[in-house]
Amino acid sequence: MSQLDIQEIRTPADLGELTKQQFVDFLHDHLDRFGDSKSAINKAIDYAFSEAEGKGGFLLAAYYNNDLAGALVMNKTGMSEYVPENILVYVAVNSKYRGKGFGGEIMKKSFELAQGDIKLHVEYDNPAKHLYEKLGMKTKYAEMRLEKKKKQ
């Protein structure tokens, strides 16, 4: 049985043979109903690659038998104390590899690499919520949003 190979990606050059579009497509396909648009995923990746003050972050690509099995996007928030320094924006495991502990391994690697505290948004009915709690994450707030209508 092969090990999960988790690769840290901090710049577009670090993607290697994996293209940004393949990374976006993977997340879009495997986040299922808990995902966002490809445009939103692209923005989170661009933010992670940014060198601007207060921005940045990293991606993780996890391979099993040379097959992309999981992906993660971590963004810096540019804040501390009142808001954690990092937000785990996306994490997904290929459906054919779920239940093997890969999600936990990817999350633990991100915890090691991120400097400072980490937050994430999770829907109450997301089955991954149990994994996040098992890894030590706690519910602190319920998020509320006011979504303003966009002007045409």
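Which whole-number percentage describes the relative contact order of the range 1-58, with Cα contacts under 8 Å and a sequence gap of 6 or more?
32 percent
Compare HIS130, HIS121, HIS30 by solvent-accessible area with a 1.4 Å probe and give them largest first, with all protein chains kept in place.
Reading off the accessible areas and sorting them downward yields HIS130, HIS121, HIS30.
Scan [x] 14.3, 41; [y] 15.3, 54; [z] 16.8, 51 for the value of Rg and Dmax of the Cα atoms in Å calculated from this model and give just the label.
Given [x] 14.3, 41; [y] 15.3, 54; [z] 16.8, 51, the calculated one carries the label [y].
From the protein chains alone at 1.4 Å, what is the descending order of accessible area for TYR141, TYR64, largest first?
Putting TYR141, TYR64 in descending order of accessible area: TYR141, TYR64.
When the Karplus curve 6.51 cos²θ - 1.76 cosθ + 1.60 is applied with θ = phi - 60°, which whole-Hz ³J(HN,Hα) does each residue of the range 102-112 get, with x for Gly and Pro?
Per residue, the Karplus-derived 3J(HN,Hα) values read 5, x, x, 5, 5, 4, 4, 4, 5, 5, 5 Hz.
Tell me, what is the per residue accessible area of the chain in Å², probe radius 1.4 Å? Provide the component values of the computation, followed by the final result.
Numbers: 10050 Å² over 152 residues.
Heavy-atom accessible area per residue stands at 66 Å².
With the contact rule set at Cα under 8 Å and sequence spacing of 6 or more, what percent relative contact order holds for the chain?
Rounded, it is 19 percent for the chain.
How much of the DSSP bridge set in the chain is antiparallel, in percent, rounded to the nearest 5?
Restricted to the chain, the bridges split so that about 90 percent are antiparallel.
For the chain, what % of the accessible area comes from carbon and sulfur atoms, probe 1.4 Å? Kindly include the intermediate steps, with their values, before the conclusion.
Values: 4790 of 10050 Å².
Result for the chain: 48 percent of the exposed heavy-atom area is carbon or sulfur.
What ranking, highest mean first, results for peptides 91-97, 48-54 when packing means the other Cβ atoms within 10 Å averaged over each residue? Walk me through the numbers before you get to the answer.
Values: 91-97: 18.6, 48-54: 12.3.
With the highest mean Cβ count within 10 Å placed first, the list reads 91-97, 48-54.
What figure in square angstrom, to the nearest 10, would you give for the accessible area of LEU113 with a 1.4 Å probe?
40 Å²
Using a Gaussian network model of the chain with C-alpha springs under 10 Å, which one of GLY35, GLY101, GLY16 is most mobile by mean-square fluctuation?
Highest fluctuation of the listed residues: GLY16.
Quick one: dipole size for the range 2-120, taken about the Cα centre, charges +1 on Lys/Arg Cβ and -1 on Asp/Glu Cβ, in debye to the nearest 20.
Numbers: 13 positive and 17 negative charges, 66 e Å.
For this selection, approximately 320 debye.
Where is the GNM fluctuation largest for the chain (alpha-carbon springs, 10 angstrom cutoff): LEU27, LEU60, LEU131?
LEU131
The values are calculated or read from the model by the stated rules, or taken from the named source; none is laboratory data. Since this is a predicted model, take the numbers as computed values, not measurements. Note: ideal-geometry Cβ built from the backbone for every residue, glycine included; neighbour counts use all protein chains shown. Heads up: the accessible areas ignore ligands, DNA and RNA and are worked out on the full protein's heavy atoms, side chains in. Shrake-Rupley method; radii C 1.70, N 1.55, O 1.52, S 1.80 Å.
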